[in-house]
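The values are calculated or read from the model by the stated rules, or taken from the named source; none is laboratory data. This structure is a prediction, so every number in the text was calculated from the model and none was measured. All Cβ positions, glycine included, derive from the backbone under ideal geometry; neighbour counts span all protein chains shown. Only protein heavy atoms, including side chains, enter the accessible area calculation; ligands, DNA and RNA are left aside. Shrake-Rupley method; radii C 1.70, N 1.55, O 1.52, S 1.80 Å.
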Amino acid sequence: MNLLWITICVFYASYSAKCQEDDEGPYKGKYLGKLNSYHHQVSGDIYVIDEYSILLSSFSYDGNGADTFFWAGASNRPGPQGFIVPDEYGHTNVLERYLNKDLTLSLPDKKKITDIRWFAVYDIWSQNTFGDIYIPEEFEPPTIQTVGQLTGKKNNVSSGDIQILDAKTLKIKFFEYDGKAKDAYFWVGVGPQPGPKGYKVPDEKGYLEPIRSYKEQTIILELPGDLTIFTIDWFSIYDHSTNENLGSFIVPDGLNVPPSLVKIISHKNELPNCLQLHKDFQVSWEIFGPQITIQLAGNVAENEYMSFGISGSPSQSQMLNSDVTVAYIDGYRGFAADYNISALTPCVKILGQYKGVCKDELVGGQDNNQLHTAVRENGINIITYRRFLISPDSGDKEYQTDQPLYVIWALGKLDKNKEPAFHDKYPKANISIQVNPKEPKNNCFAFTRDETGRKNKTEIWDKGELDGKASRVFNAYLGPSGGVKGYQGLTGQPPTALAWYINGMLVPEIWLRRGLTYAFRVYGGNNPHMAELYHPLIITDEPHGGFDKLTDEQQSKIRVLAGIEYSRRGRPRPTSAGPLCLARHAEDRDRRLDDDFPSFKKYNRSLVYTCEKGDPAILEFTPNTSWPDIVYYNSFTQSNMGWKIHIIDTFSSFSKSNGIPRCALSYVFMTISLFVCHLRLFNCL
């Protein structure tokens, strides 16, 4: 009899979760029951989210109580022996009117649901209960569930414990996979065992391309769109090239897990073909006559752009020489500008020619995109534009309809001029589409936004600091900007591909004393024909740099302090273009994983250094009383590559004002840095 009762309970738990998912909308948590209503039109359903929180669904109260609060306690029934439960805003104010509202409440002082026996809407002045609900003694609130480990079959697939954090989120501990399968994905579906029919799960970075190798890494995955743990039966590492399950686990029925607080953002797509490029980006299209209509939809910030276009190579996805559209919304106005990528750098004019990611109009072409609509809804930018399949601009590529077409895409931040800065998200795998398929194809799913707080704000790397007391000579060379934790996090500015490394540090802040002469030994490249790698060093009174690509009017507003001289015709020329010393990612490293490094020190050790032969350019300068207190070192040709120089009167006041003996510490650190720089810069000449 006991076994039968347990079986019925387990079946009911599983059935109720699936029924709620199917019939009542998204899973809200473990259903506790309806509020007992006594006075003031109190009503609503109660769901337990986790051991600390509850959800009041469709809650109503007329607001006419004198001194009424959400109230809970451990006595036999509601009464004065209880405590206030803060409202949905965390406040303990007298309750106002509610009408059919959903709200989440958390018990105060880390109290748990199992610590109380009832929850009520209670009036302290009259000691009346307007509505209540009781918690059963054996009630088990939803909590994180451990469901075993991955059962590996091939390619060294294995893992530690797998945890279901909530209805949409999985945590796989110590995941291992050699990355050698040709077309393997995180894959989920329904049925007794993994098979080719199912859904791709974005990796921990949101990408939908074949998964990379992992070495005992702990990763968190979010089920895409409106999928939940209750709508799938298995999770797999599945190779579609061989239709093999490389490792999997079966999802148990009736999991008592918290509901997901990830917000699902539905987006209605009216075009027949749609391709999900990334968790946060999708493209859809339709051909009508000689034109193609394209819609880009992205879960992006207001200062970010979306880009999509035809690859620069007919046989693979390649950004160099590609033809792309850069789309964004500036206030109430949308843009879908036609760009040409002739070099992997923001657009720059060198020797009279524009190179890099440049608008077609700057390189002798024309903008052939016709903006149709642009709107921002629920944090999603939706931009629709049209263009001819065969453009009259010879610089544009053709949307071929009789064979697969390789495409590229990227997401990134806009700079101060509303131009695309270096992209944060982009594909590594080849992507091809059938522009005009026999039957429409659509693999897009709803966007999601994490509102759980589980993904904490990215911790930036420690800021580098140098001062001019220990040494008056600094080595300046180039290296990668380092993702969100690097240049972007340290300076708060949109990055480019490269940044200045000074004495082995990524864009350190430098303190120099007025009246002393200093010098930068510059290894920023001296070949102006290489747009990506030509960066003479300059010092100005504005933070961005890129002086050479500014208009005459813009240049006239900037004070150049060092690094530029003027020709007889008044044109600026750099004076500090030295041979190139460059730090690069190793061939087997993926730049998109830069933020996985906990510190710049470890990141720097992963880079490979190469240097050209030749003596460095010397940028010598003496700050004087006319210099501002803060100036900036940067690149003559490109913006956002350097950072601050503090100009001070005495080092003693500098150390005292900052409260630490920075000079002494800097001397030790600089000595080590100079030794490392000496080894790296000159042993490779």
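Remarks
- Residues satisfying the stated conditions in segment 142-151, i.e. buried (at least 19 other Cβ atoms within 10 Å of the Cβ) and either modelled with pLDDT under 95 or over 22 Å from Val262 (Cα atoms) (or both): Leu150
- Residues of segment 184-226 satisfying the condition of being farther than 20 Å from Arg449 by Cβ, open to solvent by 30 Å² or more (accessible area, probe 1.4 Å) and of a type in the set (Val, Ile, Thr): Val190, Thr218
- Scope segment 368-424; condition closer than 27 Å to Lys279 by Cβ and in a loop (DSSP other than H, G, I, E, B); matching residues: Asn369, Asn378, Gly379, Tyr399, Pro404, Asp415, Lys418, Glu419
- Just one of the listed residues (Ile341, Ile350) is open to solvent by less than 40 Å² (accessible area, probe 1.4 Å), more than 22 Å from Pro427 (Cα to Cα) and out of contact with any Asp or Glu (no Cβ under 7 Å at 6 or more places or on another chain), namely Ile350.
- Among residues of segment 189-204 that are closer than 17 Å to Thr228 by Cα and touching a residue at least 24 places away in the same chain (Cβ under 8 Å), those with a beta-carbon under 8 Å from a residue that is of a type in the set (D, E, K, R) and in a loop (DSSP other than H, G, I, E, B) at least six positions away or on a different chain give the pairs Gly189/Lys197; Gly189/Asp233; Val190/Asp233; Gly191/Lys197; Gly191/Asp233; Pro202/Lys279.
- Test: residue in segment 248-257 that is in contact (Cβ under 8 Å) with a residue 60 or more places away in the chain, under 30 Å from Arg386 (Cα atoms) and among the hydrophobic types (A, V, I, L, M, F, W, C): no
- Top-ranked residue in segment 598-627 [being under 14 Å from Ile539 (Cβ atoms) and among the β-branched types (Val, Ile, Thr); ranked as farthest from the chain's Cα centre (by Cα)]: Thr622
- Out of Phe235, Phe249, Phe230, sole residue that is touching a Phe, Trp or Tyr at 6+ places or on another chain (Cβ under 8 Å) and part of a loop (DSSP other than H, G, I, E, B): Phe230
- 1 or more residues at pLDDT 95 or above and open to solvent by 70 Å² or more (accessible area, probe 1.4 Å): qualifying strands (runs of 3 or more DSSP E) within segment 34-113: 98-106
- Of the listed requirements (1) in contact with a Pro (Cβ under 6 Å, 6 or more places away or on another chain); (2) open to solvent by less than 10 Å² (accessible area, probe 1.4 Å), Asn256 misses just one: (2).
- Counted residues, segment 233-251 - those being over 18 Å from Ile211 (Cβ atoms) and either of a type in the set (A, V, I, L, M) or buried (at least 19 other Cβ atoms within 10 Å of the Cβ) (or both): 2
- Flag if Thr325 is over 23 Å from Thr637 (Cα atoms) and crowded, with 18+ Cβ neighbours inside 10 Å: yes
- Note on segment 523-633: enclosed strands (runs of 3 or more DSSP E) holding 2 or more residues that are open to solvent by less than 70 Å² (accessible area, probe 1.4 Å) and modelled with pLDDT of 90 or more are 537-540, 560-562, 572-574, 581-585, 607-611, 617-621.
- Enumeration of residues in segment 356-373 that are in contact with a helix residue (DSSP H, G or I) (Cβ under 7 Å, 6 or more places away or on another chain) and buried (at least 22 other Cβ atoms within 10 Å of the Cβ): Gly356
- Selection within segment 513-522 - open to solvent by 30 Å² or more (accessible area, probe 1.4 Å) and in contact with a Phe, Trp or Tyr (Cβ under 9 Å, 6 or more places away or on another chain): Arg513, Arg514, Thr517, Arg521
- For segment 650-660, a residue qualifies if it is of a type outside the set (Gly, Ala, Ser) and either exposed (fewer than 13 other Cβ atoms within 10 Å of the Cβ) or at pLDDT 95 or above (or both), and the qualifying residues are Thr650, Lys656, Asn658, Ile660.
- Looking across segment 374-399, the residues that are open to solvent by less than 60 Å² (accessible area, probe 1.4 Å) and either among the hydroxyl-bearing types (Ser, Thr, Tyr) or more than 24 Å from Arg333 (Cβ to Cβ) (or both) come down to Thr384, Tyr385, Leu389, Ser391, Gly395, Tyr399.
Each row is one residue, and each column tells you yes or no for (1) of a type in the set (Asp, Glu); (2) under 22 Å from Arg589 (Cβ atoms).
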residue: Gly198; (1), (2): no, no
residue: Val201; (1), (2): no, no
residue: Tyr207; (1), (2): no, yes
residue: Tyr214; (1), (2): no, yes
residue: Leu221; (1), (2): no, no
residue: Phe230; (1), (2): no, no
residue: Ser236; (1), (2): no, no
residue: Asp239; (1), (2): yes, no
residue: Asn243; (1), (2): no, no
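- Extreme residue, surrounded by the fewest Cβ atoms within 10 Å (Cβ to Cβ), among residues of segment 152-183 that are in a loop (DSSP other than H, G, I, E, B) and charged (D, E, K, R): Lys182
- Looking only at residues of segment 260-309 that are among the small types (Gly, Ala, Ser) and part of a loop (DSSP other than H, G, I, E, B), we find that the one that is farthest from the chain's Cα centre (by Cα) is Gly289.
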